[in-house]
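The next block holds one structure in the form of structure tokens; read it before the comments.
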Amino acid sequence: MNHNDIEFLLDNYLKGKTSEEEDLIITQWLESDLNPQQDVWTGMDQASKAQWLARVYDDIHQTIHAAKAIPSKRYLWHKWVAVAAAITVVFSLYWLWPVIHQDIKSSPVTQLTVSSNQKKQVILPDGSQVWINSNSVLSYPQSFKGKLREVSLSGEAYFDIKHDIDRPFIVHTGKLITTVLGTAFNIKEDKSLQTIVVTVTRGKVKVANGPDQLAILKPNQQVIFNIPDNKAIQAETNSQQAIAWQQSDLLFEDITFEQAALKLEQRFRVKISFENQKIKDCRFSGSALSYDKLDKILKVICAFNHASYTTKKDGNIVISGQGCN
């Protein structure tokens, strides 16, 4: 890639004519260690990024095409810094293009679209789990590389993020940037109300509007961001109500007791273990209503599979008994 190629790429990016892969190339470079303002870039909204890139593009254009001249002493120091930044962009992209291009090719972006009256669950490359509500879109890479784990959401989803102190997890939703290390939270973008609501069920979450921090949320707290007014309100809330959309009738269609226990663990946030392998392997079919309590469900399943259960002091549940024949 020569200087003209780099200029052409940035020009198309500013005009919105680049492909998804080319967008990722620009973004990945700017978020790499070569960028001394990495935190500032990550915190910018799309408009600010475009404005900053426009200035860089102008400097690159002048650096490549303008006739060389001896600078006057009257030039301000910040002008020298801008030109130096432009030259850095040119040469860094020039030398790093093959590496970045190959890195992006090996990590394509997956876009998961959930249609009306559907819900989906996905396990991300780092082991984090996401439950996506209807009429929503989640975009994520097939592998997380570098110092950040970033995804984009349009709509509503519940995130249960695997802890990684060295790689923050970031969710982009419209103007908002939600940053965590390892926690559980819900994001709901309501386009009809023109709001974005972030609610925390476990851990701590930072919510920002571009470079402006809006809130640090703890469990049972939420921030409601009004998009047109560009304002946010922080409030106490019942986080379980915010994720009630996850609740639906449980279906057990020819599955093992162990597989059923995993579903119950996710629904009721408990730990279920078995005394022996035989009980785990018992297969059955059935269903439970969304409002059924855990005790009622376990009594029915255990009775069907000749088993019993005990709830420990820590809340964990142990399944015991002879199991199925």
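The values are calculated or read from the model by the stated rules, or taken from the named source; none is laboratory data. Here the structure is a predicted model, which means the values were calculated and not measured. Cβ sites come from the backbone with ideal geometry, for glycine too, and all protein chains shown count toward neighbours.
Per-structure values
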{"quantity": "Any hit, region 225-245, residues being surrounded by 17 or more Cβ atoms within 10 Å (Cβ to Cβ), touching a residue at least 60 places away in the same chain (Cβ under 8 Å) and either in contact with a strand residue (DSSP E or B) (Cβ under 7 Å, 6 or more places away or on another chain) or not assigned by TED's automatic domain parsing to the domain that holds Y158 (or both)", "calculated": "yes"}
{"quantity": "Selected residue (criterion: farthest from L262 (Cα to Cα)) from residues of region 276-299 that are in contact with an Asp or Glu (Cβ under 9 Å, 6 or more places away or on another chain) and of a type in the set (A, V, I, L, M)", "calculated": "L289"}
{"quantity": "Extreme residue, surrounded by the most Cβ atoms within 10 Å (Cβ to Cβ), among residues of region 278-296 that are out of contact with any Gly (no Cβ under 9 Å at 6 or more places or on another chain) and outside any strand (DSSP E or B)", "calculated": "L294"}
{"quantity": "Residue under evaluation D254, criteria (1) surrounded by 14 or more Cβ atoms within 10 Å (Cβ to Cβ); (2) farther than 23 Å from P219 by Cα, criterion not met", "calculated": "(1)"}
{"quantity": "Enumeration of residues in region 309-323 that are under 13 Å from I272 (Cα atoms), surrounded by 14 or more Cβ atoms within 10 Å (Cβ to Cβ) and modelled with pLDDT under 95", "calculated": "S320"}
{"quantity": "Residue count, region 144-200 (criterion: crowded, with 18+ Cβ neighbours inside 10 Å, more than 19 Å from D126 (Cβ to Cβ) and touching a Pro at 6+ places or on another chain (Cβ under 6 Å))", "calculated": "1"}
{"quantity": "Among the residues listed as Q194, Q266, the single one being assigned by TED's automatic domain parsing to the domain that holds G146 and out of contact with any His (no Cβ under 8 Å at 6 or more places or on another chain)", "calculated": "Q194"}
{"quantity": "Count of region 220-256 residues which are closer than 17 Å to A184 by Cβ and part of a strand (DSSP E or B)", "calculated": "3"}
{"quantity": "Options Q213, Q259; residue that is polar (S, T, N, Q), farther than 21 Å from A157 by Cβ and part of a strand (DSSP E or B)", "calculated": "Q213"}
